[in-house]
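The structure appears below as structure tokens.
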Amino acid sequence: MSDEGLQIFADEAEDLLSLAEQALLNLDDLNNITDTLEGIDDLFRTFHTIKGAAGLFGLNTIVDFTHIVESVLVKIREGALTVDDEMVSLFLSSRDHLEKLVEHSLQEGEVLDPDLKQNDESLLNKFSVYLGDSSGAILTEKNKLTTGQLELSDEDDDGVINENWHISLRFGLNTLRNGMEPASFISYLNNIGEVKHVTTISDAIPVWAEFDSESCYLGFELELFAPSTNKEALEEVFEFVQDDCKICILPPHSHIDSYIKLIEDLPEEQMRIGDILVACGALTTHEKDNILSTQDKITDQVTASGAEQKVPPLGKIAVGQQVVQQAVVDAAIKKQSVIKQQQGNAQQTIRVNALKLESLVNLVGELVIGSANSELNARRLGDSDLNEAMGNLLRLVEEVRDTALGLRMVQIGETFNRFKRVVREVSRDTGKDIELRISGAETELDKTLIEKIGDPLMHLVRNAIDHGIESPKHRLAAGKSAKGVVNLDAFHDSGSIVIQISDDGGGLSKEKIITKALDKGLIQENQQLSDQEIYRLIFEAGFSTAETVSNISGRGVGMDVVRKNIESLRGQVELKSAVGKGSTISIRLPLTLAIIDGFQVRVGDAHYIVPLDMVEECIELNDALHGGDERANYVNLRGEILPFMHLKEMFGMHPVATEIVQTNKNDECRENIVVVRFAGKKAGFVVDELLGENQTVIKPLGKVFQNLKGISGTTILGSGEVAMIIDIPEMVNRVIDSGQNSFIPQQHSKNLNCNF
Amino acid sequence: MALRIEQDFKSTEGLCGFIFDEDLTIYEVETLKKNVSNELDKYSQFEIDLAGVEEVDSAGIQLLLAFKAELMRQKKEFNLSAMSHSVTKLVNDFGLSGELNIGDSL
């Protein structure tokens, strides 16, 4: 089988398995029968689809394994078995096992390594207990699966008039459940030749009450005009249903005996079959009458000759077992993707090479710069038509930009859902009752970021469960409900993404942290620390507050690694806690966009860009604001202290003090403060001129400038000039630090609300 | 769900309308059968509207056949009022245009 097909199978199996996992984890309340059965249905569907697909690729290990799991699920659906916790765990481990099998099938093909094989067998044995038999039962079932019923009829010179192939199909009850679709066989036959006539035999459909809508009762009589094909080719079409279906293929001009045998073999009443065959055009009325009237006489002979004619079903098929017609596979893969769509969860997706996306984003960046240049020129020309056209174009460019950048974004919900399982397992291990609440699952993040944040998040969630949430006994004693809650939340906040993990557990004891930190020599006695600084100690290397080290967390490799991981993504991590009430850890990650909405300002002769998301407001710097003190580095902004900084001073352009005096006198060039906000802190930058919005294509700084503080990148303006992008997080901290170090008059700090 | 059930359909007293839309496939048939079964004993006339069906497969067709056969057995009225393109195509592929056809009634 082509690697590509197998890869698609594996990708889809992966999606299906994650669906299966979700279905299993939703089975939290086993007493709710409706929900449970619904979950079991979902589970059945996913396992079933995997089985169907694996069958197409001849992955027998997977087919056999899923078949047994399915059998157990069927018993549950029928009500013969009830689901218990243990069973859910067993399904979970079989899901994992299946994942490994799929992975394995990609790499090495069919032969299992010993570990996997042992796992396979032990799981199958566990399932066999539920099936109520010893493993012998499973073996017979397996045998049943592989014994076919394919019947062949030999060509004969002395045949009927019919120039078409006649194909009789009676699909097995499980055909639909096995993921096969009779209609796709018929449409595939149309690729080989031309299906002249189809008669659907619905006689086998039982009365409504006994009708099982997922079983297949259908049969077909087909006339296929395909002079250039041969029997092998036709048999191959049905290779995957031959095991439980009755298939009979009669070549054109077959001997009349073959038809007699056919009529006898088919389950329907003989007269009716005769009529159907006539209706199909397989037999003429004369031939039919002949057959039916002489039938009694020759019955014995036919049975005898029929037995002789029986050819070993598989021996004659020249083509190897595992090989499938590409078209059948294609049809099946197509069907699979349809199924995926129906499952409602995954939107239709296509897989694209990441390099292509990257080059698209680069091109869009160039497009943005190019259009900014055009706009500038259009504005200079002052042609109103041109300007209008330019306006339209810019709007489209902006849309193209947003769409292109959105391509790499994935919702974080899937990552969050993975933790449900962790919570379930860990709470079982620790004997705690814990609920995981997820919000903001639709928040979008860059795919690479999501991949990298998974492990640190996992650690934090485990930590929250293990250290955060107390045992039910302690909780009840503390007057809380026995059930602990861990919240996972994600949201956008001024140009960054915040992921919060909070628990309603015991919280962190500051005293404990301090004692421990003293112990480890991280701080010195009598050192004055703010709450934030104390909590930050948690993230120091080798720090663990848990008194007992469990197998879940608390082994010392922990929070410091988490912090390093997050910082390597240019993120920040922060902890808040209240004793007895719980803790909240916030991870703040930058939106890694290649193109942003920027706010362009001028300082001296140079242009700078402030990410627009972080700009709160712009105010004019006048005497009223800084109380007449021109050297002040803070203003009273509606009753709040707003520390600010002259960008000119920071970038070392001119001596500031004299400049202010000059510019203040000059009305044409008033100074403005751009107020920015990051992580809840506000600061202002004094600039010479506000130039307005600008689509900013971020170009990274070259190696030489990589350690430059305060600048996060550059961009090219429409005019071709280079503008620096201000690193707001860094600058905000710098402004606040310098504010803290300098003298703040007493009366001011009394009267003002400090909000940072 | 992909089935809307209307009592006194088209202001005809005692007529039960089954309006199928979205998909009529192996994934829906079990639920659909249950829903249909609930109404089966209450009415003696049924009108089926398949105009909104987007995807249909053998299981869906089989469900229709079984339903029709049951009504025939119970001597009740079955009327197929509309079929979407996908249903028509599959019905034709299966050579069932005689069995399941618009205006077809018992």
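The values are calculated or read from the model by the stated rules, or taken from the named source; none is laboratory data. What you see is a predicted model, and the numbers here were worked out from it, not measured in a lab. No Cβ is skipped: glycine too gets one built from the backbone with ideal geometry, and neighbour counts run over all protein chains shown.
Which condition number in (1) in contact with a strand residue (DSSP E or B) (Cβ under 7 Å, 6 or more places away or on another chain); (2) at pLDDT 75 or above is the one that A:Asp244 fails?
(1)
Can you pull out every residue in segment A:715-738 that is closer than 20 Å to A:Val686 by Cα, within 35 Å of the chain's Cα centre (by Cα) and part of a strand (DSSP E or B)?
A:Ile725, A:Ile726
Tell me whether segment B:10-23 contains one or more residues that are within 12 Å of chain A (Cβ to nearest Cβ) and more than 24 Å from A:Pro182 (Cβ to Cβ).
No, segment B:10-23 contains no residue that is within 12 Å of chain A (Cβ to nearest Cβ) and more than 24 Å from A:Pro182 (Cβ to Cβ).
Table: residues versus (1) among the basic types (Lys, Arg); (2) within 14 Å of another protein chain (Cβ to nearest Cβ); (3) in contact with a Ser or Thr (Cβ under 9 Å, 6 or more places away or on another chain).
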residue	(1), (2), (3)
B:Ser44	no, no, no
B:Val53	no, yes, yes
B:Ser58	no, yes, yes
B:Phe67	no, yes, no
B:Met83	no, no, no
B:Ser86	no, yes, no
B:Val91	no, yes, yes
B:Glu99	no, yes, yes
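Taking only segment A:681-718 into account, find how many residues are under 15 Å from A:Gly365 (Cα atoms) and of a type in the set (S, T, N, Q). Spell out how you get there, then give the answer.
Of all residues in segment A:681-718, those under 15 Å from A:Gly365 (Cα atoms) come to A:694-700, A:713-718.
Right, trim to of a type in the set (S, T, N, Q) and you get A:694-696, A:714-715.
The number of residues fulfilling the criteria is 5.
Which one is nearest to the chain's Cα centre (by Cα) among residues in segment A:30-48 that are in a helix (DSSP H, G or I), free of Cβ contacts under 8 Å to residues at least 12 places away in the same chain and more than 11 Å from chain B (Cβ to nearest Cβ)?
So, considering only residues that are in a helix (DSSP H, G or I), free of Cβ contacts under 8 Å to residues at least 12 places away in the same chain and more than 11 Å from chain B (Cβ to nearest Cβ), the one nearest to the chain's Cα centre (by Cα) is A:Asp35.
May I ask you to verify whether A:Ser254 is more than 36 Å from the chain's Cα centre (by Cα) and surrounded by fewer than 22 Cβ atoms within 10 Å (Cβ to Cβ)?
No.
Output the residues belonging to segment B:69-81 that are surrounded by fewer than 18 Cβ atoms within 10 Å (Cβ to Cβ) and more than 14 Å from every other protein chain (Cβ to nearest Cβ).
The one that is surrounded by fewer than 18 Cβ atoms within 10 Å (Cβ to Cβ) and more than 14 Å from every other protein chain (Cβ to nearest Cβ): B:Glu77.
Residue by residue through segment A:184-194, note down the ones that are surrounded by fewer than 21 Cβ atoms within 10 Å (Cβ to Cβ) and either within 40 Å of the chain's Cα centre (by Cα) or among the aromatic types (Phe, Trp, Tyr) (or both). Don't jump to the end; show me each part of the working.
Here is the first cut: in segment A:184-194, the ones surrounded by fewer than 21 Cβ atoms within 10 Å (Cβ to Cβ) are A:184, A:187-188, A:190-194.
Those that are surrounded by fewer than 21 Cβ atoms within 10 Å (Cβ to Cβ) and either within 40 Å of the chain's Cα centre (by Cα) or among the aromatic types (Phe, Trp, Tyr) (or both): A:Ser184, A:Ser187, A:Tyr188, A:Asn190, A:Asn191, A:Ile192.
Return the total of residues in segment A:707-756 being more than 23 Å from A:Leu591 (Cβ to Cβ) and at pLDDT below 75.
18
Go through (1) touching a Cys at 6+ places or on another chain (Cβ under 9 Å); (2) closer than 18 Å to B:His85 by Cα; (3) acidic (Asp, Glu) one by one and return the number of the condition B:Asp8 breaks.
Result: B:Asp8 fails condition (2) only.
Considering segment A:444-498 alone, what residues qualify as being charged (D, E, K, R) and part of a helix (DSSP H, G or I)?
Across segment A:444-498, the qualifying residues are A:Lys447, A:Glu451, A:Lys452, A:Asp455, A:Arg462, A:Asp466, A:Lys473, A:Arg475.
Could you list, in sequence order, all residues of segment B:29-42 that are part of a helix (DSSP H, G or I), away from every other protein chain (no Cβ under 11 Å) and either closer than 22 Å to B:Gly95 by Cα or not polar (S, T, N, Q) (or both)?
Scanning segment B:29-42 gives a single hit, B:Glu39.
All but one of (1) at pLDDT 85 or above; (2) under 20 Å from A:Ile186 (Cβ atoms); (3) part of a strand (DSSP E or B) hold for B:Asp49; which doesn't?
Status for B:Asp49: all satisfied but (2).
Checking the structure you have, find out if any residue of segment A:446-464 is assigned by TED's automatic domain parsing to the domain that holds A:Arg563, touching a Gly at 6+ places or on another chain (Cβ under 8 Å) and among the basic types (Lys, Arg).
No; the residues of segment A:446-464 include none that is assigned by TED's automatic domain parsing to the domain that holds A:Arg563, touching a Gly at 6+ places or on another chain (Cβ under 8 Å) and among the basic types (Lys, Arg).
A:Val704: over 21 Å from A:Asp605 (Cα atoms) and at pLDDT 85 or above, yes or no?
Numbers: over 21 Å from A:Asp605 (Cα atoms): yes; at pLDDT 85 or above: no.
So A:Val704 does not fit the description; no.
Which residue out of A:Leu537, A:Leu508, A:Leu522 is within 28 Å of A:Pro590 (Cα to Cα), touching a Phe, Trp or Tyr at 6+ places or on another chain (Cβ under 9 Å) and assigned to a loop (DSSP other than H, G, I, E, B)?
A:Leu508
Looking only at residues that are assigned to a strand (DSSP E or B) and at the interface with another protein chain (Cβ under 7 Å from one of its Cβ atoms) in segment A:195-211, which one is surrounded by the most Cβ atoms within 10 Å (Cβ to Cβ)?
Applying the filter and picking the extreme gives A:Thr200.
Just wondering, is there one or more residues in segment A:154-164 that are more than 13 Å from chain B (Cβ to nearest Cβ) and part of a strand (DSSP E or B)?
Filtering segment A:154-164 down to residues more than 13 Å from chain B (Cβ to nearest Cβ) leaves A:154-164.
Next, from what is left, pick out any that are part of a strand (DSSP E or B): A:159.
Yes - at least one qualifying residue is present in segment A:154-164.
Here are A:Arg421, A:Arg462: which of them is in contact with a helix residue (DSSP H, G or I) (Cβ under 7 Å, 6 or more places away or on another chain), crowded, with 20+ Cβ neighbours inside 10 Å and not polar (S, T, N, Q)?
Every option except A:Arg462 fails the conditions.
Does segment A:394-410 include one or more residues that are in a helix (DSSP H, G or I), surrounded by fewer than 18 Cβ atoms within 10 Å (Cβ to Cβ) and more than 31 Å from the chain's Cα centre (by Cα)?
Scanning segment A:394-410, I find at least one residue that is in a helix (DSSP H, G or I), surrounded by fewer than 18 Cβ atoms within 10 Å (Cβ to Cβ) and more than 31 Å from the chain's Cα centre (by Cα), so the answer is yes.
May I ask you to list the residues in segment A:170-182 that are buried (at least 22 other Cβ atoms within 10 Å of the Cβ) and either of a type in the set (A, V, I, L, M, F, W, C) or outside any loop (DSSP other than H, G, I, E, B) (or both)?
Correct list: A:Arg170, A:Phe171, A:Leu176, A:Met180, A:Pro182.
Taking the condition of being within 14 Å of chain B (Cβ to nearest Cβ) and outside any loop (DSSP other than H, G, I, E, B), how many residues in segment A:212-253 meet it?
Within segment A:212-253, residues that are within 14 Å of chain B (Cβ to nearest Cβ) and outside any loop (DSSP other than H, G, I, E, B) number 6.
Please find, among A:Gly580, A:Gly554, the residue that is at pLDDT 80 or above, more than 30 Å from A:Leu691 (Cβ to Cβ) and in a loop (DSSP other than H, G, I, E, B).
Within the list A:Gly580, A:Gly554, the selection yields A:Gly580.
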